[in-house]
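Notes follow once the structure below has been shown.
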Amino acid sequence: MAEHKIKYDRQLRIWGELGQVALEKASICLLNCGPTGSETLKNLVLGGIGSITVIDGSKVDEGDLGNNFMLDESSIGHPKAKCVCSFLQELNDSVNAKFIEEYPEKLLESNPSFFAQFSLVIATQLMENSVVKLDRICREANIMLIIARSYGLTGLVRISVKEHAVIETKPDHFLDDLRLNNPWPELKSFADTIDLNTPDPVAHKHIPYVIILVRIAEEWEKSHGGTLPSTRDEKKEFKELIKSKMAAIDEDNYKEAIEASFKLFAPRGISSNLQKIISDNRVELDSTSSDFWVMVAALKEFISNEGGGEPPLEGSIPDMTSSTEHYVNLQMIYQAKAEADYQIIESKVRNILKTIGRDTQSISKAAIKSFCRNARKLTVCRYRSIQEEFTAPNSSELQKYLTDEDYSLAVGFYILLRAADRFAANYNSFPGQFDGEMDEDISRLKTTAVSLLNDLGCNGTTLTEDLINEMCRFGAAEIHAVAAFIGGIASQEVIKLITKQFIPMSGTFIFNGIDHKSQLLSL
Amino acid sequence: MASFGGQVSRSRDLDKLLLRPGHLVGPDFDPGTDLREGLKEFVKILVVGAGGLGCELLKDLALSGFRHLEVIDMDRIEVSNLNRQFLFRLQDVGKPKAEVAAQRVMERVSGVNIVPHFCRIEDKEIDFYSDFSIIALGLDSIEARSYINSVACSFLEYEDDDTPKGESIKPMVDGGTEGFKGHARVILPGKTPCFECTIWLFPPQVKFPLCTLAETPRTAAHCIEYAHLIKWDEVHGGKAFDPDEPDHMNWVYSEALKRADLFGIPGVTYQLTQGVVKNIIPAIASTNAIISAACALETLKIASDCSKTLSNYLTYNGAEGLHTKVTEFVRDKDCLVCGPGALVELDMSTTLQKFIELLEEHPKLLLSKASISHKGKNLYMQAPPILEEQTRSNLTQPLFHLIGKKTRDVVHATGTISKNGTKTSSLKKVRIVFTGVDGTAEMDMVSGA
Ligand SMILES: [Zn+2]
């Protein structure tokens, strides 16, 4: 559909057709549709998410109109879930929008299996005890969960998923895979066909830097016992050697060669990140292993055998000063090597599938190709369960945050957000929610925070009076701009999880609306 | 809240920030209903741009206690806006963005008044901009940012000791996004760096050398730019290329394909052709929402002092994990835009004509064909012809007389400057001081009177 393509053009340029298809297949459940939840869904509905189900048990009152754009005068007295849902539908009619008028807390008790039908659940403004329950349900059913909370000038976003493996991580800056430090025979022999000493100045300044570096490295290795430059002095000397081969001062290709020489100095083999992935015990496969781990197992075999310590070649090269002919030839040499590596991996994947009793064709060629192209950039994210974070927090990290000035506000808010929920569980209102009880609430919140810190193993640590006062001043207010910020972050993470592209956030994001020094806490 | 007798008020949530005393707040925070009502009645905010950021900003500001908003945008709604510019629907395509955006927000948030301006930012008199308490920028072009920045900074006045006069500071909040990344910043001219102080944050786009396009194309983009920049002119003579004309775009696409075939270069698609020719920046709803929300929150804080403000530049990157960072950039003391201004010493007899010539020679300005204004009044306009004719007689007058015989003052000069070979229009602030006036000026005035 042409209109569909034009409408989504600006985002298709980011996550492509496959990412868009993944979004259009996804079904999202939202718990509570105050401004935080409404804004999260708004961003997803605009992008063409498949279906949304809004769950909220409250009726719209006058106060809701002051912070939620998805409601208006006519909504007052009506179910909030219904009103928000119908406005969201207005934004994009290709989205399937549904609502259920029910309090999420009740649904958690009455129908926990309800959540199994969704791809992902977004829980907004949900209190600690319900979050823990929901997390347990979602983990058991393998449903992704995102928790979002806006609270005065603070808030948080947290992902909870057992494991999220990403092939298309699409990092911004990643060293291109030129293999200059470990060239294969075809690249070497192609480099040898090019005359570096050509008397033709036009030809000389159009030799691509890849060729220049491969050839000069060969020359260097001959006089250095087969090793490449490693010390600072050697590297300097190597660059001087490149410079000495320039025929004229304005040769961009030689300048590029000098600038790119660090690629030649890089160590051979795989990164520590990739080493960790191929050493993961999920590589011990069984019939329930995911496609990702099947391919990782094939990759591991490849690296220790045919690859000689290297992963499959990516196959693409960056633009560089060159004649068209040299460049196109070079491109073909890289592509041919990538294709050969892919063939080996593919046959390994098919063999492995057979061994574990799966259909040998159950992973597509396209999927294996994409895996090979991105092998160096694979990322596996794992998130602790909420229960684990609450009962056994990483106390050394917590201590570190508490004493680090850059983190002091953010970690203070983390403690106070949790203390506020404990407070509410005890007193049936949030600290500072009502005007008359401010002074009492401040001292109660302080006591609650101290006891929470004790439970977290941080005895003796106190939070500043200023911060505790601010938290009471916030009185659980949901400020629209804060909700829009938190909702924006939550929707961004949903997109990354659903498209399986880019790298989702790790830890707990604590929003600091005072000076914007927000932080990610790994607890 | 007591005044509502326990009833739920529409400002239920905002009241917590505006009516209650706070501990981590700005120096002039004075909580209470006066503050809340003051934001409603007396604070006027201009949103520049009604695109991805502008739509969000209007919504966020309308729900942040402000009642008087205006929005300026010269564009009309396109289908490709609909994945993020949530105030627009398919049936709005072709209508002015500013008008539809204003209408939609007013429909939903009662009590808010939004005045749309469907025009270029340069079409407005400088005085138009002086009317606003805060200017919020939701733009995607460096030139437009630079222009608004220079306008806002032109209102800035300095004391004799070069400290900025508080009441002359026109605060700006500025947002920008690209894909999963963005920035939000607060500009308090004279106090924090203005857009021009940190212009290096926006490096100019790298263009392909023409010889690469003509002789050694290697990538799909080279083939596209060859068709767009070289072949089009060869074939179509004087006819200008219009990127919004589908026939033109299709022609470039098919020519690029031919060239790619000829050289064996893969990857030319219609989507890429559009991207390269129009320099399309990928854009999504979520990033716009995040950045606009940060800008709106800062606007609320500047207007109310209800919390500390961002100092002064926030970057957000959501592509690899989630990273936010606040950087405190420093002012360029010699900035021609937000600094005290280029000082020009003049003789009382210097004519306006001579002054314009001096600006062209001034090593820090090099401003040619300048139009001059003083406190919003045009002293000389190079264009349009009708204004030129009206102001021409001033050229032979002494500038000293034209500005009301003040011995020191600021005038604004709009002219062209040459930057890397291309001419761009530029607005400069010029501080003029008349030398040797201490005794003589008084005498002149006495004798004149
Ligand atoms: Zn400046």
Mean-position separation - Cα centroids, segment A:274-339 and segment B:1-73, in angstrom: 54 Å
Between segment A:404-420 and segment A:81-148, the Cα center-to-center distance that results, in Å: 27 Å
Dipole moment magnitude, nearest 20 debye, segment B:342-435 about Cα centre, only Lys, Arg, Asp, Glu C-beta charged: 360 debye
Heavy-atom accessible area ranking, 1.4 Å probe, most first, across B:Val410, A:Val157: B:Val410, A:Val157
Rel. contact order, % - alpha carbon contacts under 8 angstrom, at least six apart, segment B:291-359: 15 percent
Under 5 Å, built H, 5+ apart or other chain: amide partners of B:Val115: B:Leu69, B:Glu70, B:Val71
C-alpha long axis of helix A:291-304 to longest principal axis of chain A, angle in °: 30 degrees
Net charge dipole size for the protein assembly as shown [Lys, Arg +1 and Asp, Glu -1 on Cβ; Debye, nearest 20]: 1520 debye
³J(HN,Hα), Karplus 6.51/-1.76/1.60, whole Hz, each residue of segment B:214-223, x for Gly, Pro: 7, 10, 10, x, 10, 10, 4, 4, 4, 5
Signed unit charges on C-beta, dipole axis of the protein assembly as shown, positive-most listed residue A:His78, B:Tyr313, A:Pro112: A:Pro112
Helical segments meeting 15 Å axial Cα length and Kyte-Doolittle -0.5 threshold in chain B (DSSP H): B:52-62, B:142-154, B:285-304, B:437-448
Estimated inter-spin distance, A:Glu221 and A:Glu440, nm [label 7 Å along Cα→Cβ]: 8.1 nm
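Below 8 Å, C-alpha to C-alpha, sequence gap of six or more: please give me the relative contact order for segment B:342-435 in percent. Mind dumping the intermediate values first?
Working: 166 pairs, mean separation 34.0, N = 94.
The normalised contact order for segment B:342-435 reaches 36 percent.
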Linear extension gain, A:Ser395 paired with A:Phe265, 0.36 nm per residue minus alpha-carbon span: 42.8 nm
Principal-axis tilt of helix A:252-265 within chain A, Cα atoms, nearest 10 degrees: 70 degrees
Positive-end extreme of charge dipole, the protein assembly as shown - chosen from B:Leu69, B:Ser286, A:Ser362 (charges on Cβ): A:Ser362
Peptide-level mean, for A:487-495, of C-beta atoms on other protein chains within 10 Å: 6
Cβ-based charge dipole, segment B:342-435, positive-most Cα from B:Leu352, B:Ala383, B:Ile403: B:Ile403
Pairs of Cα atoms farther than 46 Å apart, chain A, %: 29 percent
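Starting from the Cα gyration tensor of the protein assembly as shown, take the square roots of the eigenvalues, sort them a ≥ b ≥ c, and report rounded, prolate or oblate (rounded when a/c is under 1.5, otherwise prolate if a/b is larger than b/c, else oblate). Can you show the working numbers first?
Details: a/c = 1.76, a/b = 1.07, b/c = 1.65.
Cα axes put the protein assembly as shown in the oblate bin.
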Of B:Gly275, B:Gly267, B:Gly339, the one that fluctuates the most in a GNM where chain B has Cα springs shorter than 10 Å: B:Gly267
FRET efficiency, 1/(1 + (r/R0)^6) with R0 51 Å, evaluated for B:Asp127 and A:Lys106 via beta carbons: 0.30
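So what is the relative contact order of chain B, in percent, for Cα pairs below 8 Å that sit 6 or more residues apart?
On the way: 788 pairs, mean separation 65.4, N = 449.
Once divided by the residue count of chain B, the mean separation gives 15 percent.
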Helix axis angle, A:9-25 relative to chain A longest principal axis, alpha carbon, degrees: 60 degrees
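Pulled fully out, how much extra length does the chain show between B:Lys278 and B:Asp162, if you take 0.36 nm times their separation in residues and subtract their Cα-Cα distance?
My answer for the length gained is 37.4 nm.
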For segment B:180-226 and segment A:442-482, distance of Cα centres in Å: 45 Å
Global form of segment B:210-278, assessed from the alpha-carbon gyration tensor, a/c cut-off 1.5: oblate
Backbone HN-Hα couplings from phi across segment A:328-344 [Karplus 6.51/-1.76/1.60, Hz, Gly and Pro as x]: 5, 4, 4, 4, 5, 5, 5, 5, 5, 5, 4, 5, 5, 4, 4, 4, 5
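Please label the shape of chain B as rounded, prolate or oblate, based on the square roots a ≥ b ≥ c of the eigenvalues of the alpha-carbon gyration tensor (a/c under 1.5 means rounded; beyond that, a/b larger than b/c means prolate, else oblate). Let's see the in-between values first.
Details: a/c = 1.98, a/b = 1.10, b/c = 1.79.
Here chain B falls in the oblate category.
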Segment B:208-290: trypsin sites (Lys or Arg not before Pro) in DSSP coil with no more than 16 other Cβ atoms inside 10 Å: B:Lys239
Difference of contour (0.36 nm per residue) and Cα-Cα distance, B:Asp247 to B:Val235: 2.9 nm
Candidates B:Ile199, B:Ile148, B:Ile72, ranked by Gaussian network fluctuation over chain B, Cα under 10 Å, top entry: B:Ile199
Residue with peak Gaussian network fluctuation, chain B [Cα springs, cutoff 10 Å], from B:Val151, B:Val71, B:Val25: B:Val25
Cα-Cα pairs of segment A:272-382 separated by more than 25 Å (percent): 26 percent
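Where nothing but the Cβ of Lys and Arg (+1) and of Asp and Glu (-1) is charged, how large is the charge dipole of segment A:185-264 around its Cα centre, in debye to the nearest 20?
Numbers: 12 positive and 16 negative charges, 48 e Å.
Result for segment A:185-264 is approximately 240 debye, rounded to the nearest 20.
The values are calculated or read from the model by the stated rules, or taken from the named source; none is laboratory data. None of the values given here were measured: they were computed from a predicted structure. Positions of Cβ are generated from backbone atoms using ideal geometry, with glycine treated the same way; all protein chains shown enter the neighbour counts. With ligands, DNA and RNA removed, areas are computed over all heavy atoms of the protein, side chains included. Shrake-Rupley method; radii C 1.70, N 1.55, O 1.52, S 1.80 Å.
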